[in-house]
Protein chains: 2
Amino acid sequence: MAAIGFCAHDHTACVADLMAHARAHCEKEGLKFTPVRQRTLEILLREHRALGAYDLLAQLADEGLGSQPPVAYRALDFLVKAGLAHKIEALNAYIACAHSGTDHSPAFLICRGCKAVAEADTAMTSGRLGDAARAAGFQIEHTVVEARGLCPSCQEPAR
Amino acid sequence: MAAIGFCAHDHTACVADLMAHARAHCEKEGLKFTPVRQRTLEILLREHRALGAYDLLAQLADEGLGSQPPVAYRALDFLVKAGLAHKIEALNAYIACAHSGTDHSPAFLICRGCKAVAEADTAMTSGRLGDAARAAGFQIEHTVVEARGLCPSCQEPAR
DNA sequence: AGCAGGCATGTTATAACATATCAATTCCTT
DNA sequence: AAGGAATTGATATGTTATAACATGCCTGCT
């Protein structure tokens, strides 16, 4: 399964790595990385794709970590606010951040073929959106930058 | 209320203008600009802000043009496909296109203070997103570019 | 120890957004 | 007039998200 950047990688290591990073980040920021939150991030990392809140909830429920929607939404809110996960607005789904827990303005490439989502990084105030905002005197707080289309692998069959 | 571009304008003329444009566009493309669809666009234009499907539906129902969700969603789908309206993914809401019915890749500035939405225009393949897509070999079909923040007027009170 | 305050969680219910399906109608073409 | 495609009407349901309120669980204070 192609996912991050549409290419294979050592996924076990990648999960462990990002979990350790998340733990360190929460420690440093004084955030409580509770069992539900850890498990939520682990699931997102392991799946390595955009997951709906209810998909996630089902997996949490399997493990006895709560079965009601607010459980999933609270955990996801926490992760998103902490910069450990992102919401893909075009899919109403959530995905683990592919980078560190640092503040950044992600951009996503969403393949309609294999549903893979790649995270790129942009600077919030750069590019066309930044230009438009400056011209209008608009003060940007958060950006949603997403592209739907076909990843390299999924372009083949269509030919 | 400041809305498009966060500035005042002759709204009556603007509605009439864009309706005429939409009519011409549908004529040219062989699209059926039916009463429900016309009324939907008129409502979006008149409100001049992002409207939820159910808000819109309520207004259609007031006029006896259907009261069930599919009525609103069909009309909105038509307008979106025709390039006469856009969906704001970050709000799950719809807004009339501020430009012509031509194909374009809009970007939106969404004020969290007054809920106004300004539409800017970008080129789909330009800017950071285009760069990232090219680097990944990703073929973009549609872009979602939205910024949340504060418009010029709404920045004042906070100071 | 006892308790107050804050945060996380549990639980129920419901709001808000969106689509599947099938029947009925219209309108255009043959 | 018959056939076919698109539109509309209507019912039901699926999916995503939050409100509201109760409970537990640390932590710091007296």
Q: Give me the net charge of A:LEU129's neighbourhood, meaning all other residues with Cβ under 13 Å from the Cβ of A:LEU129; Lys, Arg count +1, Asp, Glu -1.
A: -2
Q) Zone of B:THR12 (label point 7 Å along Cα→Cβ, backbone N under 15 Å): which residues in the range B:38-67? A) B:46
Q: May I ask you to compute the full-extension gain from A:VAL80 to A:ALA20, defined as 0.36 nm times their residue separation minus their alpha-carbon distance, rounded to one decimal in nm?
A: 19.9 nm
Q. Leaving out same-chain residues fewer than 8 places away, which lysines sit with a Cα under 29 Å from that of B:LYS32?
A. B:LYS81, B:LYS87
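Helix-derived [θ] at 222 nm for the protein assembly as shown: sum -39500 (n - 2.57) over DSSP H runs of at least 4, divide by residue count, nearest 500?
Mean residue ellipticity, 222 nm, calculated: -13500 deg cm²/dmol.
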**Q.** Under 5 Å, built H, 5+ apart or other chain: amide partners of A:ALA120
**A.** A:ALA107, A:PHE108, A:LEU109
Q.
Leaving out ligands, DNA and RNA, and with a 1.4 Å probe, what % of the accessible surface on the protein assembly as shown is carbon or sulfur?
A. 52 percent
Q) To the nearest 100 Å², how much accessible surface do chains B and A hide from each other in total, with a 1.4 Å probe? A) 2900 Å²
**Q.** Test item: B:58-71 mean partner chain Cβ contacts at 10 Å
**A.** 0
Q) How far is A:SER126 from the same spot in each other copy, in nm, shortest first, if each label point sits 7 Å from Cα toward Cβ? A) 1.7
**Q.** Shielding by partners, peptide B:122-129 (average Cβ within 10 angstrom, other chains)
**A.** 5
Q) Which residues' amide hydrogens lie under 5 Å from the amide hydrogen of B:LEU91, considering only partners 5 or more residues apart or on another chain, with H built in the peptide plane? A) none
(Q) Per-residue Cβ counts within 10 Å, from other chains only, averaged over A:76-85: what number is that? (A) 0
**Q.** Separation in nanometres of the label points that stand 7 Å from Cα toward Cβ, at B:HIS142 and A:GLU141
**A.** 2.8 nm
Q) Taking the Cα centre of the protein assembly as shown as origin and charging only Cβ (+1 Lys, Arg; -1 Asp, Glu), how large is the dipole, in debye to the nearest 20? A) 140 debye
Q) If Lys and Arg each add +1 and Asp and Glu each add -1, what is the summed charge of the other residues whose beta carbon sits under 15 Å from the beta carbon of B:THR12? A) -3
(Q) Ranking request for peptides A:142-149, B:18-25: highest mean number of other beta-carbon atoms within 10 Å first, then the rest in descending order. (A) A:142-149, B:18-25
Q: Could you give me the percent of Cα pairs per 5 Å distance bin for chain A, shortest bin first, beginning at zero and ending with the bin that holds the maximum distance?
A: 2, 9, 17, 19, 19, 16, 10, 6, 3, 1, 0
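Could you work out the relative contact order of the range A:4-155, using alpha carbon pairs under 8 angstrom and six or more residues apart, expressed as a whole percent?
It rounds to 22 percent for the range A:4-155.
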Q. Using the Kirkwood formula over every pair of different C-alpha atoms, what hydrodynamic radius in Å results for the protein assembly as shown?
A. 21.3 Å
Q) Which of A:HIS21, A:ILE43, A:ILE110 sits closest to the plus end of the dipole of the range A:4-155, meaning its Cα is farthest towards the positive end, when Lys and Arg get +1 and Asp and Glu get -1 on the C-beta? A) A:ILE110
Q: Enter the accessible area per residue of the range B:22-159 (Å², integer; probe 1.4 Å; all protein chains in place).
A: 47 Å²
Q. Taking every DSSP beta bridge that has both residues in chain B, what percent is antiparallel when rounded to the nearest 5?
A. 70 percent
Q) Tally Lys/Arg at +1 and Asp/Glu at -1 over every other residue whose Cβ is under 15 Å from the Cβ of B:ALA93; what's the total? A) -2
Q.
Need the C-alpha centroid separation for the range B:23-47 versus the range A:77-148, integer Å.
A. 33 Å
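The values are calculated or read from the model by the stated rules, or taken from the named source; none is laboratory data. Fair warning: this is a prediction, and the values are worked out from it, not measured in the lab. Note that we place each Cβ from the backbone using ideal geometry, even for glycine, and neighbour counts take in every protein chain shown. Surface areas here come from the heavy atoms of the whole protein model, side chains and all, with no ligands, DNA or RNA. Shrake-Rupley method; radii C 1.70, N 1.55, O 1.52, S 1.80 Å.
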